[in-house]
Each structure stands twice: as C-alpha cells, then as structure tokens.
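The values are calculated or read from the model by the stated rules, or taken from the named source; none is laboratory data. This is a predicted model, so every value here is computed, not measured. FYI the Cβ positions are ideal-geometry reconstructions off the backbone, even for glycines, and counts take in every protein chain you see.
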Amino acid sequence: MRYGIISNEVSRELGFNLPMTLVWTGRDYYSGIVHEIILNELKKAFDLGIRDIFTLSEKEVVLRMKEKRKEIAEILRNLGPEKENKKLIQKYRGYYINTGTQARIAGNIFSLTPSILDIFVSVGFDGVSESWRHTLGSLEIEEGEFYKIERDVIYGDGRVTQIYRNVKALSEHNDEIDPLGILKKRDRKDV
C-alpha cells in the first residue's frame with residue numbers, strides 16, 4: 001500500500017493518469033502438510049486430543065500448556081539429586097524444553113505468508129476455487145484513494161481459523177508460562 005501511495009503522488013506530480021488501485025488485506029487460513037506435522041508435535045507436547053486443537057478456546061489451550069509444564073516441573077522437583085537421577089532429569093528437562101520449542105516453531109509456521117503453490121497442493125484446485133468463490137461472493141469494498149478489501153480467505157471448513165488462534169495463543173504465552181524459568185534463558189543463549 002505504501003508503494004501505491006508513493007506511486008500516486010509521483011504520478012500526480014508528473015501529471016500522469018492515476019491508475020485504479022485495489023488493495024486486498026487479510027490472510028489465507030489453511031492447513032498444509034507442514035501445519036499438520038507441527039500440530040501433531042503440539043498434540044504430543046501438550047497431551048492434546050485429536051479435536052482439542054480446533055475445539056478448545058485459546059484460554060483452554062494455554063491452560064493445557066500451563067498444566068503440562070507444571071506437571072513436568074513437579075516431576076523434575078521430585079526426582080531428587082541430579083547425580084542419582086541424571087538420565088531421568090535430562091529426559092524430563094528435554095520434554096519441558098521441547099514444549100517451548102514446539103510452541104515457538106508452530107507460531108512461526110502459522111504466521112508465515114503461504115505460497116499459492118502450497119495452498120493448491122494442500123487443498124487442491126477445486127478447494128481453492130470454492131474458497132475464492134465463497135470469499136468473492138461476500139466482499140465489501142471500501143472506496144477511497146485505493147479500493148480496499150479487508151477479507152480473509154478460509155480454505156476448508158471454518159475450524160481452521162480456531163487452529164490459527166490457538167497456535168498464536170500458545171506462541172504468545174510460551175515464554176511467560178515457564179515454572180522452571182529455563183525457556184527464556186535458553187532463547188538468549190541460542191541467539
């Protein structure tokens with residue numbers, strides 16, 4: 001949109017005709033192969049059921065993360081001295097750190113702007129066509145210097161938007177729900 005504003009200003013200054021400009025804001029919601037892989041990892045990390053990721057609210061998913069981390073932290077506290085239980089401590093510490101890693105990776109994956117090729121591979125030509133037909137049938141266009149459309153495209157059923165919201169919630173609360181206080185330190189060390 002910034003390019004369009006600059007382009008229009010330059011065109012006015014030079015006396016050129018102003019082209020009609022259409023700006024579409026919004027995002028594509030779909031579930032591709034990479035999404036499915038990371039969702040399976042999240043389900044394992046936080047003991048989520050198959051339907052939980054799209055039926056639970058953001059608060060409920062974050063609560064699951066909190067409960068899982070508290071559970072692992074409690075196990076670690078109860079294991080006793082490190083030299084007696086070194087392997088078990090490493091195992092559960094790894095599980096704990098993995099919950100942070102998976103939430104961070106999922107947040108990154110679900111926030112990416114997808115390739116149209118990935119969308120076609122994931123939902124097929126008919127799925128793309130149907131989703132666009134549905135989206136285009138309910139557009140509201142705001143007129144101004146630019147014609148502006150604010151509309152998301154949802155591929156598949158509407159539950160996919162809840163998956164995106166839940167993953168975003170997990171990602172946003174990832175560092176603050178850290179009963180052992182080791183996830184943030186780990187991030188700084190890795191940078």
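Worth a mention:
- The residues on offer are Gly181, Gly94, Gly158, and the sole one that is within 27 Å of Lys59 (Cβ to Cβ), exposed (fewer than 14 other Cβ atoms within 10 Å of the Cβ) and over 22 Å from the mean Cα position of the chain (by Cα) is Gly181.
- Of the residues Glu60, Glu67, Glu36, Glu84, the single one that is out of contact with any helix residue (DSSP H, G or I) (no Cβ under 6 Å at 6 or more places or on another chain) and closer than 18 Å to Leu183 by Cβ is Glu67.
- Listed by position, the helices (runs of 4 or more DSSP H) contained in region 40-122 that have at least 1 residues being under 17 Å from Asp175 (Cβ atoms) and of a type in the set (A, V, I, L, M) are 58-78, 86-111.
- Annotation note: of Ile149, Ile163, the sole residue that is part of a strand (DSSP E or B) and in contact (Cβ under 8 Å) with a residue 24 or more places away in the chain is Ile149.
- Candidate set: region 48-64, residues that are β-branched (Val, Ile, Thr) and surrounded by fewer than 16 Cβ atoms within 10 Å (Cβ to Cβ); chosen: the one modelled with the lowest pLDDT: Ile50
- Test set (1) more than 16 Å from Ser171 (Cβ to Cβ); (2) at pLDDT below 95; (3) part of a helix (DSSP H, G or I); (4) of a type outside the set (Gly, Ala, Ser) - Trp24 fails condition number: (3)
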